[in-house]
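The values are calculated or read from the model by the stated rules, or taken from the named source; none is laboratory data. These figures come from a predicted structure and were not determined experimentally. Positions of Cβ are backbone-derived with ideal geometry, glycine not excepted, and every protein chain shown enters the neighbour counts.
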Amino acid sequence: MDIAAAAAALQKFSGSGLTGALARIEDELKGATRAASLAALSSSGDEKQALAAAASLKRVAGQVNTAIHALGIMLCLPHILEDGEIVEYVSLGAGNTGRPFDLETNLRVAEFKFIHWQGTAETIRQNSVFKDFFLLSDHLTPKRKCLYVLGTEYPLKFFRAKRAITSVLSKNEAVRDQFRARFGDRYTRVHEYYADHKDAVVIEDVSMWLPELIDDNLADNSQSGVLEEEQ
């Protein structure tokens with residue numbers, strides 16, 4: 001089933017809104033017997049088509065994050081590369097495909113994190129951005145180290161917060177072991193580590209170059225340029 005057909009099948013099932021459609025069906029099925037549950041299915045087989053459509057779209061959705069990562073980097077490169085700067089490698093796929101970072105040039109190493117922060121409890125996103133910051137900071141190189149993000153407000157708020165390092169690294173054994181080997185028990189909170197290493201990595205907002213990834217509100221209120229420590 002192609003994307004257009006899948007979208008149409010799901011739209012037919014959900015009508016004006018999936019939540020409303022499901023609430024209606026829940027009411028219809030309350031107290032239903034086996035025969036009644038069968039009778040509730042449409043004779044045209046819309047439910048089976050909707051299920052196939054959802055499965056098709058889920059398979060496509062699995063590639064969306066990879067596509068966003070790749071296209072985001074490609075669209076940022078003309079803006080961040082300086083005169084005379086040469087790309088040594090770029091990793092566009094999911095993960096770094098065997099390379100240390102998303103980008104390395106003769107002047108910098110960089111990670112791109114196209115997270116649309118919501119300002120709520122976002123532990124998985126926080127874990128991910130901390131991992132990138134730490135690996136960049138800990139990397140031995142004379143080159144500039146850059147972490148490119150969509151807006152700096154929420155990453156900065158996280159780095160200055162008191163979330164426990166053990167919590168942040170709990171889901172990534174390899175990074176946790178690397179951090180412990182490097183620092184032992186020296187740091188227990190995110191803000192402690194960030195205070196000592198904030199100058200090692202330039203955190204830069206790229207949302208002005210990728211307005212398609214943010215809503216109008218965030219675009220209007222996002223910070224631009226290099227992240228600077230508040231006085």
Just to verify a result, which residue in the range 150-184, among those that are touching a His at 6+ places or on another chain (Cβ under 8 Å) and exposed (fewer than 14 other Cβ atoms within 10 Å of the Cβ), is nearest to W117 (Cα to Cα)?
A161
Candidates K145, K171, K157, filtered to the one that is over 26 Å from S207 (Cα atoms) and either assigned to a helix (DSSP H, G or I) or of a type outside the set (S, T, Y) (or both):
K171
For the structure I just gave you, tell me whether Y187 is assigned by TED's automatic domain parsing to the domain that holds W117, surrounded by 21 or more Cβ atoms within 10 Å (Cβ to Cβ) and not basic (K, R).
no
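Give R99, R125, R59 a once-over and let me know the one that is among the basic types (K, R), at pLDDT below 95, closer than 23 Å to K171 by Cβ and in a helix (DSSP H, G or I). Explain how you work it out, then say what you get.
On the way: R99 fails: in a helix (DSSP H, G or I); R59 fails: closer than 23 Å to K171 by Cβ.
One residue alone meets the criteria, R125.
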Across the range 158-181, what is the total count of residues that are under 11 Å from F134 (Cα atoms) and out of contact with any Lys or Arg (no Cβ under 8 Å at 6 or more places or on another chain)?
3
For the range 185-202, which residues satisfy the criterion of being at pLDDT 95 or above, more than 13 Å from D132 (Cβ to Cβ) and not in a helix (DSSP H, G or I)?
R186, Y187, T188, R189, K198, D199
It is to be established whether one or more residues within the range 53-66 are in contact with a helix residue (DSSP H, G or I) (Cβ under 9 Å, 6 or more places away or on another chain) and under 30 Å from P155 (Cα atoms).
yes
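Taking the criterion of being small (G, A, S), in a helix (DSSP H, G or I) and under 30 Å from H139 (Cα atoms), would at least one residue in the range 30-37 satisfy it? Please lay out each step first, then the result.
Keep residues of the range 30-37 that are small (G, A, S), which gives 31-32, 35-37.
Narrowing the set further to residues that are in a helix (DSSP H, G or I) leaves 35-37.
Next, from what is left, pick out any that are under 30 Å from H139 (Cα atoms): none.
No: zero hits.
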